[in-house]
Amino acid sequence: MSAREVVLGVGGGIAAYKSCDLLRRLQDAGFGVTVIPTPSSLHFVGKATWEALSGRAVTTTVWERVDEVRHVHLAKVSEFNIIAPATADLIARIAQGRADDLLTNTVLASTAPTLVVPAMHPAMWANKATQSNVALLRDRGYVVMEPDHGRLTGSDVGVGRFPETSRILSTLKEMTDKSSDLSGIKVLVTAGGTREMIDPIRFIGNNSSGRQGFAIAKAANKRGAEVTLVLANSSLPDLPGVTTVRVTSADQMYTEVESRFPSCDVIAMSAAVADAKPLHFSDSKIKKGSLSSIELTANKDIIATVAKDKKKQIVIAFAAETSLDIEEGERKLLAKSADILYLNDVSGSEIFGSDQTQGVILTSRVSQSIDRVMVQRISKDTLANLLLDQALSKLG
């Protein structure tokens, strides 16, 4: 396999023939290309053509070459996915998370950056359903190009024409450049919620799932960073290419962060760390009748403790509040010696465990002023890249 692998998905539109040229130009750029046409696209360009041009086997359903589990294999080895042309139907199916052919199965199994190249009749492109599906894909991190204006099938003219190959390659280049913009950068991420044991059975904890920190670690890894994820009490799996250290308590997390902080370039402290822990731990279960009160002692503020000695590091802090109190967020940004702070309102219980988030990004400036960027409801994957963009900007 080539060092730079691309899956080229081909939808069932008349513009499918134009992807033959795209395939050739991708090969000229040094990519190894595996073509996955949808079954309907074979009405326009046949399987033999794709195999001859790519030099690789071409299948369209998960029932072919079953022993290879091709959708999983291709999802793992592909560095980028390009879907060109993407019809209105194909866009809708991907947006809905459907997996009814090999291409949609592969896209659903893939974590690689995906470029979607729409081509369809202008009325279909302008339809609210299509625009809603496009917005949904973009929110999830897909790059969806705007189609060109020009003549389409028959005498119709409008926006919906398959873009020129040069424009598609230019967009892909921007994606490949961004995919390595954190190369050489060490990123330390904390995630999940700490647990402070009362006795061998009970603990003080919180509702954090670890999804936001997980999204940051995944995004940083995709962009070329060397990533360590300190993960507390989460069922999320280890990420390929990311060093994952699992901890339970705030003290354990502090030990891991303190030892790694001096060598990192960026730290994203997204874990929900318990503010306090029981002063005394019981080696045996405390009987219900004896559990009348628990004496607490404060945990270290991990990010504030390590950040006070920062040198070159960019510090990203998080504040989960039950109201969007921006003044309190600004106070925490300064108190924690952070460069960036994401403040969100969790009062509606819609953030913990969700794939979505909303809030405000606060960033400090040399002039001691603070910039605010309001974040409407977006995916945690999208927020992860927004925060990394901010950190990269501060790294210069």
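The values are calculated or read from the model by the stated rules, or taken from the named source; none is laboratory data. Since we're looking at a predicted model, the values are computed, not measured. All Cβ positions, glycine included, derive from the backbone under ideal geometry; neighbour counts span all protein chains shown.
Quick notes on this one:
- Residue count for the stretch 85-129, restricted to those that are of a type in the set (D, E, K, R) and either in a helix (DSSP H, G or I) or in contact with a His (Cβ under 8 Å, 6 or more places away or on another chain) (or both): 3
- Of the residues Ala119, Ala129, the single one that is in contact (Cβ under 8 Å) with a residue 12 or more places away in the chain, over 20 Å from the mean Cα position of the chain (by Cα), over 29 Å from Cys264 (Cβ atoms) and surrounded by fewer than 13 Cβ atoms within 10 Å (Cβ to Cβ) is Ala129.
- Filtering the stretch 54-97 to residues that are among the acidic types (Asp, Glu) and either under 22 Å from Gly13 (Cβ atoms) or not assigned by TED's automatic domain parsing to the domain that holds Ser110 (or both) leaves only Asp89.
- Matching residues in the stretch 52-70 - criterion: being among the charged types (D, E, K, R), surrounded by fewer than 14 Cβ atoms within 10 Å (Cβ to Cβ) and assigned to a helix (DSSP H, G or I): Asp67, Glu68
- Residue match in the stretch 187-194 (condition: assigned by TED's automatic domain parsing to the domain that holds Val247, surrounded by fewer than 22 Cβ atoms within 10 Å (Cβ to Cβ) and closer than 30 Å to Ala317 by Cα): yes
- Residues located in the stretch 196-243, provided they are part of a strand (DSSP E or B), surrounded by fewer than 19 Cβ atoms within 10 Å (Cβ to Cβ) and within 18 Å of the chain's Cα centre (by Cα): Thr243
- Scan of the stretch 315-370 for residues that are modelled with pLDDT under 80, among the β-branched types (Val, Ile, Thr) and in contact with a Ser or Thr (Cβ under 7 Å, 6 or more places away or on another chain), ordered by number: Thr322, Val346, Ile351
- Residue selected from the stretch 21-41 under the condition more than 19 Å from Arg65 (Cα to Cα) and in contact with a strand residue (DSSP E or B) (Cβ under 7 Å, 6 or more places away or on another chain), by the criterion surrounded by the most Cβ atoms within 10 Å (Cβ to Cβ): Ser41
- So Ser78, is it at pLDDT below 90 and closer than 22 Å to Val144 by Cα: yes
- One residue stands out among those in the stretch 131-189 that are of a type in the set (A, V, I, L, M, F, W, C), closer than 24 Å to His121 by Cβ and outside any helix (DSSP H, G or I): the one that is modelled with the lowest pLDDT, which is Leu152.
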